[in-house]
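Here is the structure we will look at, set down as structure tokens.
Values in this text are rule-based calculations from the coordinates and carry no lab data. Remember, predicted model here, so these are calculated numbers, not experimental data. Here the Cβ positions follow ideal geometry from the backbone for every residue, glycine too, while neighbour counts run over all protein chains shown.
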Amino acid sequence: MLTVTNLTLRPGESEEKLRALCERKLRAPAVHFRILKKSLDARDKGDIKWVYSVECSQKKEPHPEREYERIKGDMPRVFVVGTGPAGLFCAVRLIRHGIRPVLIERGRPVEARGEDILAFQKTGVLDTESNVQFGEGGAGAFSDGKLGTQTNSPLNREVLENFVEFGAPEEIAYLSKPHIGSDNLKKVVANIRSYILGHGGLIFYESKLTDVEVKGGKLTAVYVNGTRHEADELVLAIGHSARDTFEMLLKRGFRMEQKEFAAGVRIEHLQERIGRAQYGEAFRLLPPADYKLVSHAAERAVFSFCMCPGGVVIPSASEEGGVVTNGMSNFARDGANANSALVVQVKREDFGSDHPLAGVAYQRKMERAAYLAAGGGYRAPVQLLGDFLGGRESRGFGEVLPSYSRGTSFAPLDAYLPPILISSLRASIPDMGRRLSAFNAPDALLTGVESRTSSPVRILRGEDMQAQGIEGVYPCGEGCGYAGGITSAAADGLRAAYAIAKKYF
């Protein structure tokens, strides 16, 4: 096996050239050839190039067979609550260990969920159990499907390989910035569902965890829609918006702590402007450009998050009377606008209370204020960037038109964001514009409110993945405070599955 690094191609050149380069190294035909990594070097706009690492050999390498352990004796009764990345990947790994889990999902299957989301966007009638936050696939199913992560877990590779196995584009296994796209994610989620059901797992939709029973510090039963079921193990993959579940678990004695997060707005630009600013005129030959910006010009750090090239800003409320925004793009990323969260650090001292769920109240206050500022109906408040920086009210759009489907109303950010977030954004946006020339375009749009960047609470657990003081319960994923995106949430679900399987081997 030969590994070759730092191979380069110009935009538009065929990747078949890589095989030819490898064969020169081998001095023989490359029977096995695989791209390990692909990244874009755009440091010099006059010399933009793709950089590859590949492996090749004369002899075809066999694909290693997966060895799935089988449980001996009686099968444990394992419930997994939530079918986002953490819950689904946990369930797949449990099955591969010989354990057939029962999945509980408060929302609907991803296809029906998509219909509910479209209905909300058209009518403004919100289904509080089936929306962008709740339902099969989790919040990430209606996003850009980015799979990048800042964690270095060895499980990240398993996550990517599983995504490919269930229908994601093969390139995600080697791209430096992999993404699936919301359109592909729905198909992948449906394929994972078929796998779980086809291997003896069960999935119950429109089914909410309403209570847990703990005796002597050990889980004994779960209540689903009020009905009691005996249980040996419970995986809590509940997502960052399961506020009612947090309240129930707190009453049942689960140990929790406040967790800092970030909040702000969505910023929209013309995608063409971002492409030209990043790549020069070569942008037309390259994939839609993204960016990642951080500023420390203010008292609080401000950063871009969940950037969606060629995407849209979507209505993402899960509670009546609150406006929540998120970003989404399909695999092609071919929309007119680029959008990203533009958010500020929110600290515990901002919450105004020591209560474990004070961060939830902080989020809810902003969301309800944004709803009122826009005049109701789940319209979103918007302000032009130039007007925000100049302290003026907005009265008309420039070239950038809003993509938020429920409609928008002009309203200043200070009608719904706390003063510390306002001052931080005003100081940091010009700083970001100095590094990305298109960023502080006066007609860029600021749409509120981006409040669900991550969970505002952490359910405490030990080294064995089990909730502190409660045997048999495994808090995991983004909602319980242990992940920050699709890949890290899926990897945490795998950890929970491994911890459970370890008990029975």
By average C-beta atoms within 10 angstrom, highest first, the peptides 163-169, 385-391: 163-169, 385-391
Burial ranking of peptide ranges 330-337, 224-231, 34-41, 485-492 (average Cβ count within 10 Å, highest at the top): 485-492, 330-337, 34-41, 224-231
Selected from N131, N156, A141, residue furthest toward positive end of dipole (the range 116-162; charges at beta carbon): N156
Normalised contact order of the chain, rounded percent, pairs of Cα under 8 Å and 6 or more residues apart: 18 percent
Size of charge dipole - the range 436-482 - debye, nearest 20, with Cβ of Lys, Arg +1 and Asp, Glu -1, no other charges: 100 debye
Lone cysteines, the chain (no partner Cβ under 4.7 Å): C90, C306, C308, C476, C480
Check: the range 2-57 dipole with +1 on Lys, Arg Cβ and -1 on Asp, Glu Cβ, in debye: 80 debye
Antiparallel %, DSSP beta bridges [both residues in the chain], to 5: 75 percent
GluC sites (Glu not before Pro) within the range 419-505, DSSP loop, no more than 10 other Cβ atoms inside 10 Å: E463
Label corresponding to mean projected area of the Cα convex hull in nm² when calculated from the structure given, among (1) 31.7; (2) 24.3; (3) 28.2: (2)
The range 2-57 - Debye-derived log10 I(q)/I(0), Cα point model, q = 0.13, 0.16, 0.26, 0.31 Å⁻¹: -0.32, -0.46, -1.00, -1.27
Farthest toward positive dipole pole in the chain [+1 Lys/Arg, -1 Asp/Glu at C-beta], among A373, G98, P419: G98
Protection-proxy order for peptides 186-193, 413-420, each taking the mean of Cβ atoms within 10 Å per residue, highest first: 186-193, 413-420
Residues whose placed amide H lies under 5 Å from that of V457, excluding near-sequence neighbours: K259
Neighbour-count ranking [beta-carbon atoms within 10 angstrom, fewest first] of C308, C22: C22, C308
Helical mean residue ellipticity (222 nm; -39500 (n - 2.57) per DSSP H run of 4+; nearest 500) of the chain: -8500 deg cm²/dmol
